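For reference, the structure is listed below as structure tokens.
The values are calculated or read from the model by the stated rules, or taken from the named source; none is laboratory data. Everything numeric in this text was worked out from a predicted model, so none of it was measured. Here the Cβ is made from the backbone with ideal geometry for all residues, glycine too, and neighbour counts use every protein chain on show. Ligands, DNA and RNA are excluded from the accessible area calculation, which covers all protein heavy atoms including side chains. Shrake-Rupley method; radii C 1.70, N 1.55, O 1.52, S 1.80 Å.
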Amino acid sequence: FYGADGMEALIHPLNYDWMISSHQNGGRRRTQDGGISGYWIFDQDGAWEAPMLYDPNDQMRIYDFSDSIYVSEDFGSNWIYQGKSSVSTSSIGQSAIAENNSDVVLISSSGTIEKSIDGGINFSDISNNLPGDYITDIAFDPNNDDIIIVTYATWQNNGDKVYITTDGGNSWSNITYNLGNMPIHSVVIDHTDSSNIYLGAEIGVYTKSMHSNSWILYSPLLPNTAIQELEIVNGSNTIKA
């Protein structure tokens, strides 16, 4: 039900006839009949692949991340301005919402990452000792909102591809370990007690438990290709690349 370049999309987890798709720079289009018909709901000037998320605790609440943050409480029918970056004038490149407390929201612009504790109204810079390269993804540990991972896909800065904070962004540690200079495009963390981390890398998928210090290849039946995005689907106990 949509033309142009396909970007971020959402399917309502309780009604799969309800979907929101995007074209470049944050134009949003919604269908409520599985794609038979569709109509524009939002069009802001955002990044090429402008992020869009639903609240993990309220799937009718949608967050649009363009040059600012807008929120819809009714899956895209109406939107209100929420807030914007405190330090960057660039469009938001990546975003994440904590699973245990939806008021904790993260955004990144280029190499800067910022944190909100009031649902995206106000932000503070938590980049601290991070490398400063373009951030390719952000993930919260679903078991602990203070644990956050960011990834990088640059070919420069060998060994600076994956960083973690365990104190909500006050400090960051390098957990690239044995990945070397391989660009990393995506990161997700599962809900198991060991909080297994999965990385979408330049070649394949890699994984380790939260407390391990070595990554292992996890690519059953996958070709040797770049993995741009990962999603964990808890209801079916699957990971999709």
Query raised in the report: Which pairs have Cβ atoms under 6 Å, sit 6 or more apart or on different chains, and link a residue in the range 150-172 that is closer than 16 Å to residue 133 by Cβ to one that is among the basic types (Lys, Arg)?
Result: 152/161
Query raised in the report: Is one or more of the residues making up the range 59-75 in contact (Cβ under 8 Å) with a residue 60 or more places away in the chain, within 23 Å of residue 119 (Cα to Cα) and assigned to a loop (DSSP other than H, G, I, E, B)?
Result: yes
Query raised in the report: Does the range 4-20 contain at least one residue that is touching a Pro at 6+ places or on another chain (Cβ under 7 Å) and in a loop (DSSP other than H, G, I, E, B)?
Result: yes
Requested in this report: Scan the range 1-20 residue by residue and report those that are touching a strand residue (DSSP E or B) at 6+ places or on another chain (Cβ under 8 Å) and free of Cβ contacts under 8 Å to residues at least 12 places away in the same chain.
Outcome: 11
Report task. Among residues belonging to the range 199-241 that are free of Cβ contacts under 8 Å to residues at least 12 places away in the same chain, under 19 Å from residue 141 (Cα atoms) and part of a strand (DSSP E or B), point out the one that is most open to solvent (accessible area, probe 1.4 Å). Result -> 240
Query raised in the report: Name the residues in the range 162-190 that are modelled with pLDDT of 95 or more, surrounded by fewer than 16 Cβ atoms within 10 Å (Cβ to Cβ) and not hydroxyl-bearing (Ser, Thr, Tyr), would you?
Result: 167, 170, 174, 178
Report task. Would you mind telling me which numbered condition in (1) farther than 24 Å from residue 145 by Cβ; (2) among the hydroxyl-bearing types (Ser, Thr, Tyr); (3) under 21 Å from the mean Cα position of the chain (by Cα) residue 214 fails? Result -> (3)
Report task. Hey, could you check the range 21-56 for residues that are open to solvent by 60 Å² or more (accessible area, probe 1.4 Å) and not in a strand (DSSP E or B) and say which is farthest from residue 138 (Cα to Cα)? Result -> 36
